[in-house]
Amino acid sequence: MKTTSDVPRYYEHLDFKRLWEEFPTAGEYEESVYRMSADELTALKELRFKVQVARAWEIPFYQRHWSNAGLGKGDINGLEDLPKVPLFSVHDLRDSIERNPPWGDLLGLDLEKPMPLVVQTSGGTTGLPRAMVYSPRDREVMNIVTGRRLHMQGVRPYDLVQVALAVGMTNGGLLAREGIWKYTGAIPLMTGSGAQTPTRRQIEIAQAWNTKFFAGFPAYLRHMAIVAKDEMGIDVREFGIKGLLVHLGSEDRSVLEELWNAPAFDTYGMNESGSIAAECKHQNGMHIFEDAFHVEILDPDNKAAKQQGGKGVIVVTDLFKHLAPLIRFNTNDISSISAGTCACGSTHRRLSGIWGRADNMVKYKGTNVFPEGIGALVGERRDSNGEYVCVLSKTAGGEDDLVVKVESAGSGVDKVTMASELVARFKEALGVKLTVEIVPGGSLDELTLVSKQTKPRRLIVQRKG
């Protein structure tokens, strides 16, 4: 029978003072590492990368993955050796879990040394949720980085931050909560997604409690503003919201900002490592947290490095995780590195935005089509509320048919003209003719699940037969 002394305590596994020296928090970060010279930053990253490589060789996943690529210990000595290292992706993680359920063999867990652990998952929009286990240090660095990005985006002590992200197995909502209350001094209000707190109630709470920031996905925040106006007669522009904390992707920032009369700040991250890059108040690209991550932009096909400004897949190497380090993880998200500098004075590179996912692309009539790219074109129009879904199916003759269903902004919209103009716009921008169907506002919710889950569905494949 275990005694109290056998139970691991979270605080005993962390030297907080030393950790904060390694990874400065909020304002301290912005005055130090954020402005570090390129040479200093490179030297810091090299040291941390070597630690990660040594750790990776202790983990079965990398022993197998790297040995299969002909690599041995001593072959990876610095960041300049990264091109030798094989990429891996979510598909490799799923294979690993199938071989070694429930966590896979990427997790370097020593059962002889118990420690407090946290389990969170991905959203599961492209399969079963991906579980990830975090050690105290791993999780606390993620919390620090979350606090940094919120501070960069204007969150200050005692601000009420309403988190309209799913609260459950998925990582986003609970990681936001930890970062807010631990490292900004603000107060997290965990209303969760529309499936957890109905949209109308979210609006009532925000109005009554004087919410200052909203954290959520753009599609749901847009949906929330439309419900407030059309169903409740409430103009959320009068709430005095200081900022929208979002993952923009290819969404139209201007539409969201106009609906809320508040700036929308973009962020990029993932379940395995938390926030990787974030905009500052200047909204001039997402600053990579380069003391915690090394980011590459590679050609989706040949995996060659892209020059500055060239679009490619984001490949992430983390510089802090111990339990399950990530070295050359191919996110399949498409982005580029922004040119020039930001007025904030940061020396860190910036992601220009997220243009879509390489693995969410569909080949239609010989053309590569990204649902996110279609969404960006829909967002240009003021006769649409921005909601859309792409349905790929087969015709009676066995040919592929891609229909884009788009919600109108109101009953007075000329649907025939709107559909015709969208067909022409898609043809112009994407190089392929698509079928467009205009539907009433709110009618796609059962397909997109925008009010029910964190990330709405934008592509439905019906290719049976």
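Filter the range 80-126 down to residues that are part of a helix (DSSP H, G or I) and open to solvent by 30 Å² or more (accessible area, probe 1.4 Å), then give me how many there are.
So the answer is 10.
Please go through the range 212-258 and pick out each residue that is among the aliphatic types (A, V, I, L, M) and either open to solvent by 50 Å² or more (accessible area, probe 1.4 Å) or touching a residue at least 40 places away in the same chain (Cβ under 8 Å) (or both).
Across the range 212-258, the qualifying residues are Ala215, Ala219, Leu221, Met224, Ile226, Leu245, Leu248, Val255.
Quickly run through the range 259-280 and pick out the residues that are free of Cβ contacts under 8 Å to residues at least 60 places away in the same chain and over 20 Å from Cys342 (Cβ atoms).
Leu259, Trp260, Asn261, Ala262, listed by residue number.
How many of the residues in the range 375-400 are more than 24 Å from Tyr220 (Cβ to Cβ) and open to solvent by 30 Å² or more (accessible area, probe 1.4 Å)?
7
Any residue that is assigned to a loop (DSSP other than H, G, I, E, B) and either open to solvent by less than 10 Å² (accessible area, probe 1.4 Å) or among the aromatic types (Phe, Trp, Tyr) (or both) - is there at least one of those in the range 169-180?
Scanning the range 169-180, I find no residue that is assigned to a loop (DSSP other than H, G, I, E, B) and either open to solvent by less than 10 Å² (accessible area, probe 1.4 Å) or among the aromatic types (Phe, Trp, Tyr) (or both), so the answer is no.
Anything in the range 152-168 that is under 16 Å from the mean Cα position of the chain (by Cα) and open to solvent by 40 Å² or more (accessible area, probe 1.4 Å)? List them, or say none.
Val167, the sole residue that qualifies.
Got a sec? Which of Val436, Val423, Val416 is of a type in the set (A, V, I, L, M, F, W, C), surrounded by fewer than 16 Cβ atoms within 10 Å (Cβ to Cβ) and touching a strand residue (DSSP E or B) at 6+ places or on another chain (Cβ under 6 Å)?
Just a single option satisfies the conditions, and that option is Val423.
Taking the range 257-298 as the region of interest, how many residues are under 16 Å from Lys455 (Cβ atoms) and aliphatic (A, V, I, L, M)?
Count: 1.
Exactly one of these conditions fails for Val145: (1) open to solvent by less than 50 Å² (accessible area, probe 1.4 Å); (2) assigned to a loop (DSSP other than H, G, I, E, B). Give me its number.
Going through the list (1) open to solvent by less than 50 Å² (accessible area, probe 1.4 Å); (2) assigned to a loop (DSSP other than H, G, I, E, B), Val145 breaks only (2).
Would you please name the residue that is most open to solvent (accessible area, probe 1.4 Å), looking only at residues in the range 439-465 that are out of contact with any Leu (no Cβ under 8 Å at 6 or more places or on another chain) and farther than 22 Å from Gly194 by Cβ?
Lys464
What is the one condition in (1) more than 25 Å from the chain's Cα centre (by Cα); (2) open to solvent by less than 10 Å² (accessible area, probe 1.4 Å) that Ser67 does not satisfy?
Going through the list (1) more than 25 Å from the chain's Cα centre (by Cα); (2) open to solvent by less than 10 Å² (accessible area, probe 1.4 Å), Ser67 breaks only (2).
Give the range 332-341 a look and list any residue that's buried (at least 19 other Cβ atoms within 10 Å of the Cβ) and in a loop (DSSP other than H, G, I, E, B), or say none.
Within the range 332-341, Ser336 is the sole residue that qualifies.
Please go through the range 351-374 and pick out each residue that is open to solvent by 10 Å² or more (accessible area, probe 1.4 Å) and either at pLDDT 95 or above or of a type outside the set (A, V, I, L, M, F, W, C) (or both).
Ser352, Arg357, Asp359, Asn360, Lys363, Lys365, Gly366, Thr367, Asn368, Glu372, Gly373
For Arg137, which of the numbered conditions (1) modelled with pLDDT of 85 or more; (2) open to solvent by 10 Å² or more (accessible area, probe 1.4 Å); (3) outside any helix (DSSP H, G or I) fails to hold?
(3)
Got at least one residue in the range 189-207 being farther than 26 Å from Arg253 by Cα, open to solvent by 10 Å² or more (accessible area, probe 1.4 Å) and part of a loop (DSSP other than H, G, I, E, B)?
no
Looking only at the range 23-45, how many residues end up being more than 29 Å from Ala186 (Cβ to Cβ) and surrounded by fewer than 17 Cβ atoms within 10 Å (Cβ to Cβ)?
6
Quick test for you: out of Ala215, Ala206, pick the one residue that is aliphatic (A, V, I, L, M), closer than 30 Å to Leu93 by Cβ and at pLDDT 95 or above.
Exactly one residue qualifies, and that residue is Ala215.
Would you tally the residues in the range 169-211 being closer than 25 Å to Ile144 by Cα and either among the acidic types (Asp, Glu) or touching a residue at least 24 places away in the same chain (Cβ under 8 Å) (or both)?
Result for the range 169-211: 24.
Here is a yes/no grid of residues against (1) in contact (Cβ under 8 Å) with a residue 60 or more places away in the chain; (2) touching a helix residue (DSSP H, G or I) at 6+ places or on another chain (Cβ under 9 Å); (3) of a type outside the set (Val, Ile, Thr):
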site	(1), (2), (3)
Trp20	yes, yes, yes
Phe23	yes, yes, yes
Ser37	yes, no, yes
Lys45	yes, yes, yes
Tyr62	yes, yes, yes
Pro101	no, no, yes
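How many residues are over 16 Å from Ser250 (Cα atoms) and either out of contact with any helix residue (DSSP H, G or I) (no Cβ under 6 Å at 6 or more places or on another chain) or crowded, with 24+ Cβ neighbours inside 10 Å (or both) when one looks only at the range 267-276?
Here the count works out to 6.
So which residues in the range 277-298 are closer than 16 Å to Val155 by Cα, open to solvent by less than 10 Å² (accessible area, probe 1.4 Å) and assigned to a loop (DSSP other than H, G, I, E, B)?
Those that are closer than 16 Å to Val155 by Cα, open to solvent by less than 10 Å² (accessible area, probe 1.4 Å) and assigned to a loop (DSSP other than H, G, I, E, B): Glu279, Cys280.
The values are calculated or read from the model by the stated rules, or taken from the named source; none is laboratory data. Keep in mind the model is a prediction, meaning the values are calculated, not measured. Cβ coordinates were reconstructed from backbone atoms using ideal geometry, including for glycine residues, and neighbour counts include every protein chain displayed. The area values use the complete protein model at the heavy-atom level, side chains included, leaving out ligands, DNA and RNA. Shrake-Rupley method; radii C 1.70, N 1.55, O 1.52, S 1.80 Å.
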